[in-house]
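Peer 1: Here's a structure for you.
The values are calculated or read from the model by the stated rules, or taken from the named source; none is laboratory data. Just so it is clear, the structure is predicted and the values come from calculations on it, not from any experiment. Don't worry about glycine lacking a Cβ; one is built from the backbone with ideal geometry, like all the others, and counts go over all protein chains shown. Ligands, DNA and RNA are excluded from the accessible area calculation, which covers all protein heavy atoms including side chains. Shrake-Rupley method; radii C 1.70, N 1.55, O 1.52, S 1.80 Å.
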Amino acid sequence: VKKKRELSRNVKMATDLGELLVPYMPTIRVPRRGDRVFKSECAFSYDSPESEGGLYVCMNSFLGFGREHVERHYHKTGQSVYMHLKRHVKEVRRVTKLFSNLELNRDFNGVDYEYEDEAKLVIFPDHFEIPLPNIEELPALVTIACDAVLNASSPYKKQEADSWEEEIQVSRHARSLRQQDNRVRIPPSGWKCAKCEMRENLWLNLTDGSVLCGKWFFDGSGGNGHALEHYKETNFPLAVKLDTINPDGADIYSFDEEEAVLDPHISEHLLHFGIDMLQMQRTENGHHTDNHVQPRVSDWEVIQESSLKLKPVYGSGYTGIKNLGNSCYLSTTMQVLFSIPEFQRAYVGNLQRIFDYSPLDPTQDFSTQMAKLGHGLLSGQYSKPPMKSDLIEQVMKEEYKQQQRGISPKMFKALVSKGHPEFSSNRQQDAHEFFLHLINLVERNSSGSETPSDVFRFLVEERVQCCQTQKVRYTQRVDYLMQLPVPLEAASNREELIAYESKRKEAEENMRPPPEPVRARIPFTACLQDFTEPENVPDFWSSALQAKSAGVKTSRFASFPDYMIVQIKKFTFGVDWVPKKLDVSVDVPDFLDLNRLRATGLQAGEAELPDITPPIVIPEDTRAPEIDESSVMQLAEMGFPLEACRKAVYYTGNMGAEMAFNWIIAHMEEPDFAEPLAIPTYMEPDLPGPSFPTSSALDNQPPEESISILTSMGFPRHHTIQALKATNNNLERALDWIFTHPDCEDESEAMSDTADTEPNSNSDVFFYFPRWLIYNDHKICLSERPPKDLGYMYFYRRLSSC
């Protein structure tokens, strides 16, 4: 009788549940391949199944919502059936050990927990609950859908449908490839096609090391097909695209097989030409570094202030970000951005409006995810101090609830890195590159006339001067940060560095352990001075000469931002393609006066370069120049020499007889005016470019004897060093440079006043630091000894009095 009653009750329950779900059956879906199920994170907050209210997963869109946001989704979409997930956490470590952790204010990494998961269907708006599993009571479709949701994998893993691509096969030439012993070494930059002027879409032939341009069908970026022509002449089958080489591989093409291929021996084949791809491993700031060089433990301890007992802070603005795996670049950037009021107002201040007008899939909306992240960091909801009395009571009852330990922005990272080959990976990245990437996303997704990124925006005035005619051109460009070079030759402990380098070489030759490394101490004023110095312009075409010439460029500030970001360029490339981090300490000041770097515009006595477009360069000089003969004849009929007319038409880009006539009037006094036209092929050797440091970057210092000769004439040492650097250590040219740049002497002396310890009331522009905090993933503490000299990016705020 009892069994019959239970069976009858179960049949009635099944009938009731079936009838209850009938109106909603068309809205309940089974996740298909490619569907993403968000069962661990709310689309609008960082609520999860472990949160007090649990997480609601829509059984149609499979989006997750916390208790505060599920009603919004229901009213916007009309979807009524949600799976409610709740995880109960129970700490199982011994009580005495837990007390020890509490007293030391440590997090609970390594503590053992028991998890008890609870799931049920909830039907809105009446909040009718159906406990799961109810396999016998529920319709088959609902049971299958619930099971699929509960067993779905993480939505942040690449789905098969999203990551499908044609399988690339190993080339049949990879194993047997014979490389020529021709001592070719490929530099890490500055490449150019060996047969034309192409500097993009370049391919390195893995047999002889030739660098040649591709054709459009390789990757759609254009070229003259010289790589393919080289294969037809030599039958050397494999080539690698130069700008794709990274520690994980490279893009390789087989001309013989006419398709992209794999080369299991690519690291060996590249090493033959001096490219050590296995050593190209990202550092925390995103650049590559040598695998064998490990950071000193003492440095890490200094950065972490591990020798000090730091005071933790909680609440609004003090919420940590969990490490998602090599995600420090993202965490540090977002923590700083959301400490700026303009970003707070744009996203957190407009939170409700952004959420109310979000699209049906808020996980793919940039503004929604920025607002969610900002609220998570600033609300204090995920940064609560531990209540010791409550914890002790909970431990005694074995009901300990794990404290919130920061937020995990997986949804945000997946969105902002979507489609980006580097940020979508789990490799370490550069904070500077990510900052610029994010600023681009902010501007693209801003609907109003003003965007929060405007606080970083400023104008740079670039002054380019033709060294032969002394004529100048002023242009402006937008920038978002100030990149300061690190002049190692200006190290205040130069003698100590030279002694260390000597000991290091001696130890290396004698196979002894290396000496304790010595860090270069660079004055911040030297970095600023190097920033202001003229730099050579490669492949400069002078519109005054209408030919290639030597040109120099200087940069100044045409405007200043509300927040100035200063990046210390601590990375350089070695000849082996391995980017190296400079071990330097820079005495970055708390206050900056950049007024002396204001742009001035065209000065009295300066002559502007003519506004003439450079001629179109013909890649191969075997072709005849295209010249408008009708314009030539119009000019010749005026009585001008025929060759002069041809030059005039050519150098004005076939823009018509009137433009060519103006060129003739301007050049008719020149001695070669009537000489035959010599078409520039631009195949002459490149102008000297920046050298790459080998064993020591101190080799960049000009010869001491050259410095002595110039200083003996009465010129300041710093001015002579500038002159020699700008003229490639040519004494005669350096002397001319000193006479044509008398203002550099005064400017170099003024740089010492640019970094102040306190603001000067007579200055116009200042920036300063706020108080220092240390953000170590989810742990945030007040900093006692901030390692300001070891930073990579510094954010200064403009004083309100400016």
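Peer 1: Mind checking which residues of segment 137-189 are among the acidic types (Asp, Glu), outside any loop (DSSP other than H, G, I, E, B) and at pLDDT below 85?
Peer 2: Matches in segment 137-189: Glu160, Asp162.
Peer 1: Name every residue in segment 480-525 that is under 30 Å from Leu438 (Cβ atoms) and either hydroxyl-bearing (Ser, Thr, Tyr) or out of contact with any Asp or Glu (no Cβ under 6 Å at 6 or more places or on another chain) (or both), in order of residue number.
Peer 2: Tyr480, Leu481, Met482, Gln483, Leu484, Val486, Ile522
Conditions tested, residue by residue: (1) at pLDDT 95 or above; (2) loosely packed, with under 11 Cβ neighbours inside 10 Å; (3) of a type in the set (Gly, Ala, Ser).
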| residue | (1), (2), (3) |
| --- | --- |
| Arg33 | no, yes, no |
| Tyr56 | yes, no, no |
| Gly66 | yes, no, yes |
| Val70 | yes, no, no |
| Lys76 | no, no, no |
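Peer 1: Of the residues Ile664, Ile721, which is modelled with pLDDT of 65 or more and out of contact with any helix residue (DSSP H, G or I) (no Cβ under 6 Å at 6 or more places or on another chain)?
Peer 2: The match here is Ile721.
Peer 1: Right, another one. Determine the pairs where a residue that is at pLDDT 90 or above and assigned to a helix (DSSP H, G or I), located within segment 5-30, has a partner that is surrounded by 13 or more Cβ atoms within 10 Å (Cβ to Cβ) and β-branched (Val, Ile, Thr) with Cβ atoms under 7 Å apart, the partner being 6 or more residues away or on another chain.
Peer 2: Between residues of segment 5-30 that are at pLDDT 90 or above and assigned to a helix (DSSP H, G or I) and residues that are surrounded by 13 or more Cβ atoms within 10 Å (Cβ to Cβ) and β-branched (Val, Ile, Thr), the close pairs are Tyr24/Val81; Tyr24/Ile123; Thr27/Val81.
Peer 1: I'm checking my understanding of the structure. Among residues of segment 593-613 that are out of contact with any Phe, Trp or Tyr (no Cβ under 7 Å at 6 or more places or on another chain) and not in a loop (DSSP other than H, G, I, E, B), which one is least open to solvent (accessible area, probe 1.4 Å)?
Peer 2: Asn595
Peer 1: Given the condition over 28 Å from Pro786 (Cβ atoms), open to solvent by 40 Å² or more (accessible area, probe 1.4 Å), in contact with a Leu (Cβ under 8 Å, 6 or more places away or on another chain) and at pLDDT 70 or above, answer yes or no: does some residue in segment 288-297 qualify?
Peer 2: Within segment 288-297, not a single residue is over 28 Å from Pro786 (Cβ atoms), open to solvent by 40 Å² or more (accessible area, probe 1.4 Å), in contact with a Leu (Cβ under 8 Å, 6 or more places away or on another chain) and at pLDDT 70 or above.
Peer 1: Can you name the number of the only condition in (1) part of a helix (DSSP H, G or I); (2) touching a residue at least 40 places away in the same chain (Cβ under 8 Å) that His75 fails?
Peer 2: (2)
Peer 1: Restricted to segment 355-370, and to residues that are farther than 20 Å from Met59 by Cα and more than 28 Å from the chain's Cα centre (by Cα), which residue is surrounded by the most Cβ atoms within 10 Å (Cβ to Cβ)?
Peer 2: So the residue we want is Phe355.
Peer 1: Restricting to segment 232-279, name every residue that is of a type in the set (Ser, Thr, Tyr) and surrounded by fewer than 16 Cβ atoms within 10 Å (Cβ to Cβ).
Peer 2: Within segment 232-279, Thr234, Thr244 qualify.
Peer 1: Moving on. Of the residues Phe434, Phe412, which single one is under 24 Å from Gln567 (Cα atoms), in a helix (DSSP H, G or I) and modelled with pLDDT of 90 or more?
Peer 2: Selected residue: Phe434, the only one of Phe434, Phe412 that is under 24 Å from Gln567 (Cα atoms), in a helix (DSSP H, G or I) and modelled with pLDDT of 90 or more.
Peer 1: All but one of (1) modelled with pLDDT of 90 or more; (2) open to solvent by 40 Å² or more (accessible area, probe 1.4 Å); (3) farther than 30 Å from Pro452 by Cβ hold for Val584, so report the exception by its number.
Peer 2: All conditions pass for Val584, except number (2).
Peer 1: Additional query: Any idea which residue in segment 415-429 is nearest to the chain's Cα centre (by Cα), counting only those that are crowded, with 20+ Cβ neighbours inside 10 Å and not in a helix (DSSP H, G or I)?
Peer 2: Step by step, filter segment 415-429, then rank; the result is Gln429.
Peer 1: Scan segment 524-556 for residues that are part of a strand (DSSP E or B) and either outside the structural domain of Met482 (by the TED database) or open to solvent by less than 10 Å² (accessible area, probe 1.4 Å) (or both) and report the count.
Peer 2: Within segment 524-556, residues that are part of a strand (DSSP E or B) and either outside the structural domain of Met482 (by the TED database) or open to solvent by less than 10 Å² (accessible area, probe 1.4 Å) (or both) number 2.
Peer 1: Of the residues Ala499, Ala490, Ala507, which single one is in the same structural domain as Leu545 (by the TED database), touching a strand residue (DSSP E or B) at 6+ places or on another chain (Cβ under 8 Å), modelled with pLDDT under 95 and not acidic (Asp, Glu)?
Peer 2: Ala490
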